[in-house]
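A short write-up of the structure that comes next.
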Amino acid sequence: MNQRKRQVLDNALQLFIEKGFHETSIQDILDKALISKGTFYNYFSSKVECFTAIMEQTRYEASLLRHEMLLNQDNTDENLLLEQILVLMQINKKQNLASVFENIFQSNDKELRELLERYRLLEIEWVSNRFTDIFGEKVRPYTLELAILFFAMVHHLTYCHRLFYKDMIDPKKILRIALRNIKAIYPSMLENGEILITQDALQLVEEKKIYQSVTKSDLIEKVQGFLDQLKLDAANGVGAQFTESILDELQRDELRIAVIEALLKPFREAFANTPHAGENVELANLLWFYIKNAENN
């Protein structure tokens, strides 16, 4: 994602927060981002597509941070899981997305509501997979339903605590209590074998197909294109070196997954708070998904 496109997204998000999604016009975005209508439509076909790009960027950032947190750590560590779940919550809070979500859910816009529901499903799917790491393979048939129950507890405990006590509770405390309850529930599910929502329901989640379709040649082309842009910006020599190292690894006949994993965190950190940060996060996230798929195949 180039700097100008990122600027459009940042300005659009600010307007969505201040005015509401439906109350913000494309002309408002043009005026705030100081761009022409042609430039906007060069990036997005509609305001909804603009908001979708904001959501995609948020998930890219959360996914990348979660991968980094898990690297060389015990994937059965329950506290680590809670910290990973917090990542997306913290990003949403930092970007003030809650007010935008509320505005959308109060509307009758079916397309936008379905978009947010899709992202909610993706988060449920991710937690479902992590529950398998935590509780073991024997629980896999039940983890989707367990993840749904987990988020239901988190949502309603948070809502009711605010309703009864008029204050916000520490999110991690809510997550810890919900996980404690899930640990008490799943042995009973294993014993009676009853499942209301099976793993087959995950076929409704389509994003996995997007990442699985990314090939090695696609990544080489993207990394090379990113590197070509950096050559025009001599200010980030360290970032360019990490980019070249990743490109060299991708071009090897035999993929060295451990080496690429070790490079990805410094690769991301080298571009933090730079004009290339958005594209860097997106690219790093694709690299994570690619090497994890390669590792599992």
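The values are calculated or read from the model by the stated rules, or taken from the named source; none is laboratory data. Worth saying up front: this structure is predicted, and the values here are computed from it rather than measured. Note that we place each Cβ from the backbone using ideal geometry, even for glycine, and neighbour counts take in every protein chain shown.
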Going through segment 269-297 in order, the residues found to be of a type outside the set (A, V, I, L, M, F, W, C) and under 15 Å from LYS222 (Cα atoms) are HIS276, GLY278, GLU279, ASN280, GLU282, ASN285, TYR290
Exactly one of LEU80, LEU15 is among the aliphatic types (A, V, I, L, M), in a helix (DSSP H, G or I) and touching a residue at least 12 places away in the same chain (Cβ under 8 Å), and that residue is LEU15
Of LEU190, LEU179, the only residue that is modelled with pLDDT of 95 or more and either more than 20 Å from the chain's Cα centre (by Cα) or acidic (Asp, Glu) (or both) is LEU179
Considering residues that are among the hydroxyl-bearing types (Ser, Thr, Tyr) and surrounded by fewer than 16 Cβ atoms within 10 Å (Cβ to Cβ), the number found within segment 148-171 is 2
| query | Based on what the data block shows, is TYR142 assigned to a helix (DSSP H, G or I) and farther than 29 Å from PHE21 by Cβ? | reply | yes
ALA147: passes all of (1) touching a Leu at 6+ places or on another chain (Cβ under 9 Å); (2) under 22 Å from GLU83 (Cβ atoms); (3) modelled with pLDDT of 95 or more but (1)
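Looking at segment 20-33, is at least one residue loosely packed, with under 14 Cβ neighbours inside 10 Å, part of a helix (DSSP H, G or I) and either at positive phi or modelled with pLDDT of 90 or more (or both)?
yes
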Among helices (runs of 4 or more DSSP H) entirely within segment 225-297, at least 1 residues that are touching a helix residue (DSSP H, G or I) at 6+ places or on another chain (Cβ under 6 Å), modelled with pLDDT under 85 and hydrophobic (A, V, I, L, M, F, W, C) occur in 277-296
Within segment 89-138, of all residues that are among the hydroxyl-bearing types (Ser, Thr, Tyr) and part of a helix (DSSP H, G or I), the one surrounded by the most Cβ atoms within 10 Å (Cβ to Cβ) is SER128
